[in-house]
1. Return the residue satisfying two criteria in turn: it lies in segment C:406-452 and is within 7 Å of another protein chain (Cβ to nearest Cβ) and not in a helix (DSSP H, G or I), and of such residues it is modelled with the highest pLDDT.
2. Take segment C:168-195 and flag every residue that is in contact with a helix residue (DSSP H, G or I) (Cβ under 7 Å, 6 or more places away or on another chain), crowded, with 18+ Cβ neighbours inside 10 Å and in contact (Cβ under 8 Å) with a residue 60 or more places away in the chain.
3. Within segment B:149-173, can you find the residues that are within 7 Å of chain C (Cβ to nearest Cβ) and assigned to a helix (DSSP H, G or I)?
4. What tally of residues in segment B:134-145 results from selecting those that are within 13 Å of residue A:97 (Cα to Cα) and facing chain A (nearest Cβ under 9 Å)?
5. Give me the helices (runs of 4 or more DSSP H) completely within segment A:1-98, filtered to those with at least 3 residues that are more than 18 Å from the chain's Cα centre (by Cα) and more than 22 Å from residue B:392 (Cβ to Cβ), ordered by residue number.
6. So if I check each of C:236, C:259, which one is in contact with a strand residue (DSSP E or B) (Cβ under 8 Å, 6 or more places away or on another chain), part of a helix (DSSP H, G or I) and crowded, with 24+ Cβ neighbours inside 10 Å?
7. With the checklist (1) in contact (Cβ under 8 Å) with a residue 60 or more places away in the chain; (2) part of a helix (DSSP H, G or I) in hand, flag the one item residue C:25 doesn't pass.
8. Going through B:422, B:427, B:417 one at a time, which residue ends up being surrounded by fewer than 18 Cβ atoms within 10 Å (Cβ to Cβ) and modelled with pLDDT of 95 or more?
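The values are calculated or read from the model by the stated rules, or taken from the named source; none is laboratory data. Not measured: the values here are computed from a predicted model. Positions of Cβ are backbone-derived with ideal geometry, glycine not excepted, and every protein chain shown enters the neighbour counts.
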C-alpha cells in the first residue's frame, strides 16, 4: 500500500477506478468502516418499527440477525484460525502429485501489463 | 418440428465435428452454435418422453422432458453457452471437444428417464470432464486428474451396481423417486452422494477443480455437482436424513474457505457449501423446498460461474490465483472487479441479486417445517458465505494490500461472458418471477417481504462489520502460501504409507523365508550327497523311476475313474 | 451349398491358408495376399453359417464315429457362432496388422509364422463348432501345439523359456485335469455330446459335481484361472500380433469359451445353481479378478500388464459361468466379444508403439501420445471398453454380470466387479493419460505446450500397424450400440432360466 499511495499513476483511468481510489487511504477506509457500522446499527433499530414475520421465537428477539451474524462470523474466523494450527502445511506438501507447488503453465495464460 | 433433435446428441455431434473445422474463428463460432442449437428442442418440445429404445428387453427413455428436467437442462445449456463464450480464445482442440462432450453428457443425464441412460451420461460427464483437468498438462494436474477420475468413475460404477440390484428388487429401471427399503436404492444414493460432494465424500471437488485450466474450472463448476443435485431431487426428495447431511455440507467448508489461500479453491469450498443448501432443500422435500432447490441450483450455477470466471481472468492475466500473491488489482482490472463483486453479492444473497430469491426459499422451507437447528446452521452458513466468498474473494484479489501487479483488463470475450452472467444474476434477483414460473411446482412465494429484506441486510452488514473488526484487530488469518489438510490426506498420505509399510514388511518376511528355505534345501542336498555320493547311481536312475511311477499313478487313476460307479 | 459343407469350409479355409503359407516360404506378397483373401472368405463363410443358423436350419456334421456317444462331430449353436464370428473377423484385422508388424519390425521366418497362425485359426474354428467334448478337447490341444512355435518365434533364450512355460502349463493341465474330466464324464453320462441343460443327472451329489467342475476349470488352462495363469504372461515374449490375436482372442477365448460350453452344455446352469457346485469357482474367479488386477498394477512392461489384465478379465467370464444364471452365462458370452475387441486393440497399440519406438516399458512411454495420437486414442478407447465405461462395448457385459450377481444375491461379487473397475482405471488409464499429458520421458518436468499442431510432429508406426487397432477401437464403439443383438442371439443358450425374473 505504501509504495503506491502517493503515485498518481499505476491505474487505469476509468470512472470505476477513480471512484475507488480512496481505498488506498487509511483514514477514508476507516470512515467507510464506521459508515457500515452506523448503517448496521440503523438496520438493527429498524426492528423496532415493523412487525417481523417469524417462524421461530428466537427470530423475534430484537436485533437477532445482527447479533447472530456478528458473533457467528467472529467465531468462524477464530475457529478457522485455530484449525490452521492443525491443518496448515507448506505448499509443496503433496508435491509432485499436486498443482499447488507448480506454476500455472504459460500456454493457458495471457499475461499482459496494463497500459498505465 | 424438432422431434428428431436430441439436445445431448447435438453436443456430441458438435464435439465430433469440431476437429474437422480449421482451428480458428470458424471453429469458435461452431462451438458457440452448439448450445444454441441444443436448446431448441428443450424450448419447442412438449413435456413427455421421447427417443425411447429397447435394450435387453427393457424400454429406455433417453429424453424425458418434465418440469424438473427442464429447469436443469435449461440452466446447463445456458451455462454451456456462457462458459464457452468465456473460453472463446482457447485453441486447444482437446479442451474444446471435452467441454462440449461434458456439457452434452450433463444435459443427457438430466433428461434421462431410466437408470441405464443415466449411467451412460453419468460416466460420460466423468470421462469428458477429466480432460479439462489434464489439459493443464503438468505432473500435478495429471495426478489430480487420476484421483478425480477414479472417484468419479467409482460413483458411476456404484450407480450401475445400484441399478442392477434395484432392477432385480423392483423389476424396474425407471429413474423415479426411490424408496430406501431396498439395497439398490442405497447404492444409488451413495453414487449421487459422491458426485454431490456429501461430507467425507467431498474432497475430490476441492482437490480437482482448482487444478484445471483457467476455462476448465469455469466449465467444471457448472455441471457435475448440479447434476447430482438434480438426481437427488428426482430420486430422493423428502428423505429426512438428507437434511443433517446438507446442513453439515453448508457448515464445514466455510471454515476451510476462510484459511484457504488459493482463491479458486476457496470457491470450491463455497461451492460445496452451496450444495449443502440444495441438499437440505431436497431433504425437506416440500413443494417450496424443491422449488427452492431448483431455483437455487439455477442461480447458483450462474453466480458461481461468474466468480470462477473473474478469478480465472485474474489468473489468466497474472499467472496466479493465490490470495497471498494478489491484491490491488481493481486499479487495472476494474470491470473484472465489478463482475466479481456482482457474483459475490449474488452468492451472499444480497437483496436484488439472484442468490437472495432462491436461498431464502430453502431457508423458509426449512423453517416452515420446523427444522430449528438446521435453520440456525443455514443462517450461520449464509453469513459465513458472505464472509469467505462475498468479501474474501473480491477483497484479497482486487483490494487488500497492493501486490504491485498491474495486469491488463481481461480479454473481451471473458468480459462479455462475465457481463452476460452478471446481468442474469441481477435480472433474476430483480425479476424473480421469470425463474419462478419455470420451477417444478407453482410458486406462491414472495422473497421481498420487509422482514426478509431487513433481516437479510442485518445479517450481511454485521458479517461485514465482523470482517472489518477482525481485519483491523489483526485477528483475521492472513493469506499465507500454504495448503490445508482435508480428507484427501487419508488417501494421499496415510493409505500409501500403510501400503508401503505392508509391502516392505511382507517382502522382508518373504526374503527371510526364502533364504531360510534355501539354507535348509542346501542342507538336505548336502546330506543326500553324503549318502549317495556326487556321482551315485541312484541319482542317475531316479528321473526315469519317477516317470514310471507317475505314469503308473496316472493310469491307475484313469482306470479308477472308469470303474467308479456313482450313485 | 449345403449348410454343413459351409460349416466344414470354415475349417477348410484356414487349413488351406496354412498349406499356402507352407508352400510359399519365399514369396511374401503371394503368401500374405493369399492368406488375406482366405481370411476374408472365412468371414464370408462364417456369416453364411450365421444366416443358415438364423433361418432355423440345424447345422450338424459328424466326421468320425468311434462308438455311440463318442465321435468327432461339429454343430452350430449360438455361443460357438459368436466365438467363430469374433475370431474370424479379428483374424482379418490381425493378419493385416501382422504383415505390417513382421515387415516393419524385420522379424524372420514369416512363412512359419503365418502358417502357424492359420493353423491356430483352424483349431479355433474347430473349437467353436465342436459338437462334443472329445472334439473340443482335440482341437483345444491342436491350438496349444500350433501356437507353441509362435510364442517361441524369436528363438532366443527368453522366448524358449516362455514357450516352455506356455506349453508345460497348457499341456499339463489339459492332460492331467481336462482329459481326466472328459473320461470321467463319459464314464458317468455315457455321452460327451453338448446338450442343452447338461448331460448329467441332476440328482448327482453336489460334491461330485464340484470335484468334476474343478477338474474342468483347472483343466481348461487357457481360461487362465489362478493358480494356472503363469503361461499367459510367459507367452508375452511372442511377437505382438501373436499376443493380440491369440492371447487376447483365440487362445484365451477358447479357454473361457470351453468353460462356458462346459457350464451350459455339460453341467447345465440350472444343475450348477441347484447343487451349488460352482460356488467355490465363483470365489476363485473373484480372487483371480482382483489378484490379477493388483499384480497388473505393479507391471512396468506394457504387454505383461495387459496379460495380467487379461487374466483378470477372463475370470469375469468364469464368474459368469459360476454364478450359474442365465444373465451370467449370456453376460459371459457377451464379454467374450467385448473383451476381445477391447483387448486386441490394446495389444495392437502396444505393438504399434514397439514398432515405432522399440519401447516396451510403460515408464518410457510418457508423452508418446502426442507423436502417436491415433495409436494412443485407440488405446484409450480400448482401455475404457475394458474398464466397462460407456459408450464402449465393455459396459454391457459388466452390466449383465452385475445383474447376474444381483440375481443370485451375491452382493460381494457386485463389490468385486466394482473394485475391479477401479483397479482397471488405475492401471490402464495412466498409460493413455501420460501419453498425452506428461512431458516426454527424460525431458524434465516442463509443462507441455498445448497449441503446437500435432500434424507437424506425427511419428506413427506404419499404416498397416496403425489402422487395424483404430478399426477395432471403432468396433468397441459400434458394439456398444449392437450389444442388444448379440444378447438376443445368445439368449437361447439359457432357455432354462434358473432364477425367475421378478418382472416377467
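1. For segment C:406-452, the residue satisfying everything is C:438.
2. Once the filter is applied, which keeps residues that are in contact with a helix residue (DSSP H, G or I) (Cβ under 7 Å, 6 or more places away or on another chain), crowded, with 18+ Cβ neighbours inside 10 Å and in contact (Cβ under 8 Å) with a residue 60 or more places away in the chain, segment C:168-195 yields C:169, C:170, C:185, C:192, C:194.
3. Matches in segment B:149-173: B:149, B:150, B:153, B:154, B:157, B:158, B:160, B:161, B:164, B:165, B:167, B:168.
4. As a first pass, look at segment B:134-145 and keep what is within 13 Å of residue A:97 (Cα to Cα): B:134, B:137-145.
From the residues that got through so far, the ones that are facing chain A (nearest Cβ under 9 Å) too are B:137-144.
Counting residues in segment B:134-145 that are within 13 Å of residue A:97 (Cα to Cα) and facing chain A (nearest Cβ under 9 Å) gives 8.
5. Details: elements: A:2-5, A:15-18, A:26-45, A:57-60, A:64-87.
The helices (runs of 4 or more DSSP H) meeting that bar are A:2-5, A:26-45, A:57-60.
6. Details: C:259 fails: in contact with a strand residue (DSSP E or B) (Cβ under 8 Å, 6 or more places away or on another chain).
C:236 is the lone residue from the list that is in contact with a strand residue (DSSP E or B) (Cβ under 8 Å, 6 or more places away or on another chain), part of a helix (DSSP H, G or I) and crowded, with 24+ Cβ neighbours inside 10 Å.
7. If we test residue C:25 against (1) in contact (Cβ under 8 Å) with a residue 60 or more places away in the chain; (2) part of a helix (DSSP H, G or I), just (2) comes out false.
8. Numbers: B:422 fails: surrounded by fewer than 18 Cβ atoms within 10 Å (Cβ to Cβ); B:417 fails: surrounded by fewer than 18 Cβ atoms within 10 Å (Cβ to Cβ).
One residue alone meets the criteria, B:427.
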